[in-house]
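Please treat every number below as a calculation from the coordinates, not as lab data. The structure displayed is predicted, hence computed values, not measured ones. Note: ideal-geometry Cβ built from the backbone for every residue, glycine included; neighbour counts use all protein chains shown.
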Amino acid sequence: MIEAKTGFIDHSQILHVLENSSSPDRGEVAEILSHALEMKGISAGETERLLMVEDNELIDEICRTANRIKNEIYGRRLVLFAPLYVSNLCKNDCLYCAFRTTNTSIARRTLSLDEIRKETENLVSQGHKRLLLVSGEGLGESALNYFIKAIETIYDVKIGNGEIRRININIASLSVDGFRQLKAAKIGTYQLFQETYHYNMYKKMHRSGPKANYVNHLTAIDRAMEAGIDDVGVGVLFGLADYRFEIMALLQHVRHLEERFGVGPHTISIPRIEPAEGSDVSLSPPHAVNDRDFRKIIAILRVSVPYTGMILSTRETAKMRRAAFFLGISQISAGSRTNPGGYSEDDSGAQFSLGDHRSLDEVIADIAGHGYIPSFCTGCYRLGRTGVDFMDLAKPGLIQLYCLPNALTTFKEYLEDYATAETKVAGEAVIEEQLANIPSDEVRKKTVGSLREIESGKRDLYL
């Protein structure tokens, strides 16, 4: 029986829904969306009904509701980060990935600490404050020690006013003790994507290597949280299995974490398969997701888990990323490279193809030009407002008293230290406009004071 091999993901229940559900009518969708606007999330059954919607007008209604929820909770903020790939060595044979062990068409490389420092210096010089450390699963027993030294090296880089203030981690599953050591190294969020929750597709896509163990991979987030890492990120690689199955299973994962640990994931990532050198499936995914359904995926996740951050990478084009901001995305990567050494040299040996090749400054200019606030804030993480503490502030709406001011001050730092003249003009206009949206007169006055201090040369001012 498949069910015995899939941990807490109930395949039978999901498949029953997919095989026996019809599309909801306008009245049922309106009732669900009215419930969603209470900003408390919707039930699993309600999410399942929205997933069955195929009418374009009703999908537009879901998207408009997602936008209202996103603006109410996150405002116009968009958190920016960059991935830092440190190794493309890998023991796994994942059919969709260029790093797969059987792929002989890419050069393999693991960065030295000096090379990691150089990559970090290049990212800091662009204005980045948040990184996602990424590695293939090929370093063996030395991996954890290597990652800890890499983290120390990244945090040690200081260039002028620039530094990395938060390092998130996307690496292979560890033991509870291994996760404790990562937490002690002062990581931010630990990310690990199931790629696909569909067991049969998972086994087909992961032919060999440690990642081929479905349940061990699925329960990695549990071990991270057991180790005290309360900021975790999950995700799906859309295109492998039916996206409706994936969302239902993903939300089962969310509920499992909430029931066991009292809090779900801090972020959900939603990449789509992109072409990858040496991949068997990236040019023709088993269940390719078109743009309409991708919009639907983002919107349904936003109304289902309103307080969870949603991440979109540079896999997507600039046009799709702009559309996704409206639908509920709250974090994006910018100026990305997906190969070790990519910020210092060329982009050979990349994990997958990018859809957005713009520089950080070009992305920021575009974001600001559309009225959004690029944010590099790391205040909550450094003050311990994570996990349950973050949700206790987010659910009653109190987190806006911190997030909007901190977004404005970190954006001001970027404008003063790194922005082109054109970007600075657009950015200053957004800051002036958004100051009026700070809900507290006292906090607004403090923020104005901090902005002036930043102009005078002070940095790292946050609430």
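Using all alpha carbons of the chain, what is the percent of pairwise distances in each 20 Å bin, ordered from the shortest bin to the longest?
25, 60, 15, 0
Among the complete DSSP H segments of the chain, which ones combine at least 24 Å of alpha-carbon extent along their axis with a mean Kyte-Doolittle hydropathy of -0.5 or more? Walk me through the numbers on the way to the answer.
Values: long enough: 56-74 (26 Å, -0.70); 243-261 (27 Å, -0.31); 400-417 (25 Å, -0.26).
The answer, listed by residue number, is 243-261, 400-417.
About its Cα centre, what dipole magnitude does the chain give when the only charges are +1 on Lys and Arg Cβ and -1 on Asp and Glu Cβ, stated in debye to the nearest 20?
That gives a dipole near 700 debye.
Taking the mean number of other Cβ atoms within 10 Å as a proxy for protection, how do you rank 226-234, 318-326 from highest to lowest?
Details: 226-234: 20.6, 318-326: 17.4.
Per-residue mean Cβ counts within 10 Å order the peptides as 226-234, 318-326.
Show me 248-256, 417-425 ranked by packing, highest mean number of other Cβ atoms within 10 Å first. Spell out each step's value before the answer.
Numbers: 248-256: 20.6, 417-425: 16.1.
The peptides rank, most packed first, as 248-256, 417-425.
Excluding same-chain residues fewer than 8 positions from LYS40, which lysines have a Cα within less than 18 Å of its Cα?
By straight Cα distance, LYS40 reaches LYS70, LYS395.
How big is D, in µm² s⁻¹, for the range 397-455 by Stokes-Einstein at 20 °C and 1.002 mPa s if Rh is the Kirkwood radius over C-alpha pairs? Don't jump to the answer; show the numbers that get you there.
On the way: Rh = 11.6 Å.
It diffuses with D of about 185 µm²/s by this estimate.
Lys pairs in the range 72-357, Cα-Cα under 22 Å, at least 8 apart or on separate chains: how many?
Count of close lysine pairs: 18.
Using the Cβ atoms and a cut-off under 10 Å, what net charge is assigned to the surroundings of ARG244, where Lys and Arg are +1 and Asp and Glu are -1? List each step's numbers first, then the result.
Numbers: positive: LYS296; negative: GLU48, ASP242, GLU246, ASP293.
Charge balance near ARG244 sits at -3.
Rg and Dmax of the range 70-155, using alpha carbons, in Å: what are they?
Spelled out, the Cα radius of gyration and Dmax of the range 70-155 are 15.9, 49 Å.
In the neighborhood of SER23, defined by Cβ-to-Cβ distances under 13 Å, what is the net charge if each Lys or Arg adds +1 and each Asp or Glu adds -1? Mind showing how you got there, number by number?
Numbers: positive: ARG26, ARG49, ARG244, LYS296; negative: ASP25, GLU28, GLU48, GLU54, ASP55, GLU57.
Cβ neighbours under 13 Å give a net charge of -2.
Which FRET efficiency, nearest 0.05, do GLU258 and ASP55 yield, Cβ-Cβ r, R0 25 Å?
Efficiency, rounded to the nearest 0.05: 0.20.
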